[in-house]
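Bear in mind these aren't lab numbers, they're just calculated from the coordinates by the rules spelled out. Since the model is a prediction, treat every value here as computed from it, not as a measurement. Glycine also receives a Cβ, built like all others from the backbone with ideal geometry; neighbour counts cover every protein chain displayed.
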Amino acid sequence: MPTTIDSPTLSSYSCHDTLSSSSSTRSSSTPPISRQQAREMSLGELSTTKLYRTELKVYLTQYLEKEASQGATIKRITSRRKLSKLNNGQFMELARDVYDEMTRRCEMKDPFLPVHDEFHPRRNQARQKLATLPDCRFMYLSSDVYHELSRRYPHTRMEKNDALPPLPAPIEYSTTITTATAATTNEWFPQTVIPEKGSIQIEDSDPASIHPLDYSDSPQESSSSSNWTDSLDSLIADIDSMVRPKSYLGNRSFSHSSTGTASTHTHSKHPSLTNDGDLLVLLELKQQIQHLEDSESSLQQKCDHLNQENQTLLHQHRQQEEVVQKVKREIAELLDQLDTLSSKNAALLADRDAAYERLDSMQDEINDWQAKHHQLLHQQQEEDQEQENVLDLGSSKTDGVISQETLVTYQTCVDALVKTSR
C-alpha cells in the first residue's frame with residue numbers, strides 16, 4: 001500500500017512560485033533533466049520522483065500491460081504531449097497531487113484530499129476535484145503522469161538493486177528526441193532501452209489543441225498573476241471535462257481514419273516530420289486502423305448472426321401470437337356455450353319448481369279425495385247397517401202385528417236418509 005510522504009522542495013500552486021518559474025516561456029516540450037540538473041537534485045527529490053513512478057507502476061500494472069500489447073491511443077499521446085510542456089515545478093505539483101489521490105483511493109479513508117494551508121486555494125480546489133473523476137479516467141491521468149515521470153527523470157526507470165553509476169561531466173543537451181534518448185541511455189544504463197510508447201511527441205499546429213497550462217508567447221502575459229489564475233481555471237476545467245462522459249469512443253473509427261489522412265498530407269508538406277517518431281506514429285495508426293477494420297468485420301458477422309436470431313424469434317413470436325388468438329377464439333366460443341347452457345339450466349330449474357308445485361297440489365287433492373272416500377265408505381257401512389236393522393225391524397211377526405218401536409225406528413231412518421240425500 002503506497003504511503004504519502006512530504007515531497008521536498010516541491011513548488012506549490014501559488015502565484016509567487018509560478019511567477020518566479022514563468023520568467024522563461026517556451027512552446028516546446030520540457031526536455032529530460034540533464035546530468036548537471038541531476039547533480040543539483042537532492043537525494044530526497046530523487047527518491048520522491050522514483051517513489052512516485054514505482055507506486056504508479058504498481059497501481060497501473062494491468063493498464064500498462066494492456067497498453068504495451070495494444071499501444072497507446074492518439075488521445076493518450078496528445079495528453080502526454082501536453083504534460084511535457086509543463087515546467088518541472090508545475091509537473092511535480094501535478095505528480096504529487098495524482099500520487100496523493102491514488103493513495104487516498106487505495107486507503108479509502110477520506111472522501112477527498114484534505115486542504116493544505118501552504119497550497120494556493122486554486123490548487124486545493126483542483127486536488128479535491130480529482131476525487132470526482134471515475135476510476136477509468138483517473139487511471140488515464142495516472143498513466144500520463146507515469147510516462148512523463150519516466151521521460152523526465154530517467155533514473156526512476158532503474159531497478160531497485162541497480163547501482164547508480166557516477167555522473168560524467170555535463171554535456172550540452174541535444175534538441176532532437178533521438179539524440180537525447182541515446183545520450184541518456186548510454187550514460188544511465190548499461191543496456192539499450194527502448195523508449196516507451198507514451199513518450200512519442202506529435203507536432204500539432206492547431207491552436208485549439210494547446211494545453212491550458214501552456215505558456216503564452218507574450219512575455220508580459222507570462223509574467224502576470226492573471227495568466228497563472230487562468231491556467232488554474234483551465235486545469236480545473238480540464239478535470240471537469242474528464243468527469244463528463246465524452247463521445248470519443250463513438251467517433252474513434254472516424255477520427256483514426258481522418259488522422260491517418262491528415263498525417264499523410266502533413267508528411268508530404270513538411271519534410272521535417274520524416275523522423276523515426278513520426279514513422280512510428282504512422283505505423284501505430286495503420287495498426288490501429290487494421291485493428292478497427294478487423295473489429296468491424298467481426299462486429300458485422302455478429303450483427304448478421306443477431307439479425308438471423310432476431311428473424312427466427314420474430315417468426316416464433318408470430319406463431320405464438322396465432323396460437324394465442326386461436327385459443328382466445330375457442331375460449332370465447334366455450335364462454336358462449338356456457339352462457340347458453342346456463343340459460344337452459346335456469347329454464348329447467350323453473351320447470352322443475354313448477355312441476356313440484358303441481359305435484360304438491362295434486363297430492364293435496366288426492367288426500368282430499370281419499371278422506372272423502374273413507375267418509376263415504378263409513379257412511380255406506382252405517383247405511384248398510386241401518387238397512388239391515390230396518391229389515392230386521394220391518395219383518396212382521398208370525399201373527400202380523402208391527403210394534404210401535406219398529407215404526408219409530410223406521411221413521412227415524414227414513415228422515416236420516418232424506419237428510420243425507422239432500
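A few comments on the model shown:
- Relative packing of peptides 85-92, 288-295 - highest average C-beta neighbours within 10 Å first: 85-92, 288-295
- Residues 102, 362 arranged by fewest to most Cβ contacts within 10 Å: 362, 102
- The residues neighbouring residue 97, those whose beta-carbon lies less than 9 Å from its own, together hold a net charge of 0 under the Lys/Arg +1, Asp/Glu -1 convention.
- Violating pairs (Cα-Cα greater than 24 angstrom) within the set 57/82; 57/109; 50/286; 50/75; 75/129; 66/109: 50/286; 50/75; 66/109
- Taking amide H as placed 1.01 Å from N in the peptide plane, the amide H of residue 120 sits under 5 Å from that of 13, 14, each at least 5 places away or on another chain.
- Once the C-beta distance of residue 374 and residue 347 is scaled by a Förster radius of 41 Å, the resulting FRET efficiency is 0.50 to the nearest 0.05.
- Ranked for footprinting exposure by Cβ neighbours inside 10 Å, fewest first, 420, 409 give 420, 409.
- Contour excess over end-to-end distance, with Cα ends at residue 382 and residue 418 and 0.36 nm allotted per residue: 11.5 nm
- Mean Cβ count within 10 Å, highest first, over the residues of peptides 314-320, 49-55: 49-55, 314-320
- Each of residue 359 and residue 318 was given a label point 7 Å from its Cα along the Cα-to-Cβ line. The distance between the two points is 6.2 nm.
- Ordering of 127-137, 104-114, 335-345 by burial proxy (mean other Cβ atoms within 10 Å per residue, highest first): 127-137, 104-114, 335-345
- Förster radius 41 Å - calculated FRET efficiency between residue 108 and residue 302, Cβ distance, rounded to 0.05: 0.60
- Net charge of neighbours whose Cβ lies under 12 Å from the Cβ of residue 323, counting Lys and Arg as +1 and Asp and Glu as -1: +1
- Sorted fewest first by neighbouring Cβ atoms within 10 angstrom, 406, 412, 156, 48 come out as 412, 406, 156, 48.
- Computed lengthening from residue 407 to residue 286, 0.36 nm per intervening residue step minus Cα-Cα distance: 27.8 nm
- A Förster radius of 41 Å combined with the Cβ-Cβ distance from residue 75 to residue 46 puts the calculated FRET efficiency at roughly 0.85.
- Shape of region 303-343, Cα gyration tensor, a/c cut at 1.5: prolate
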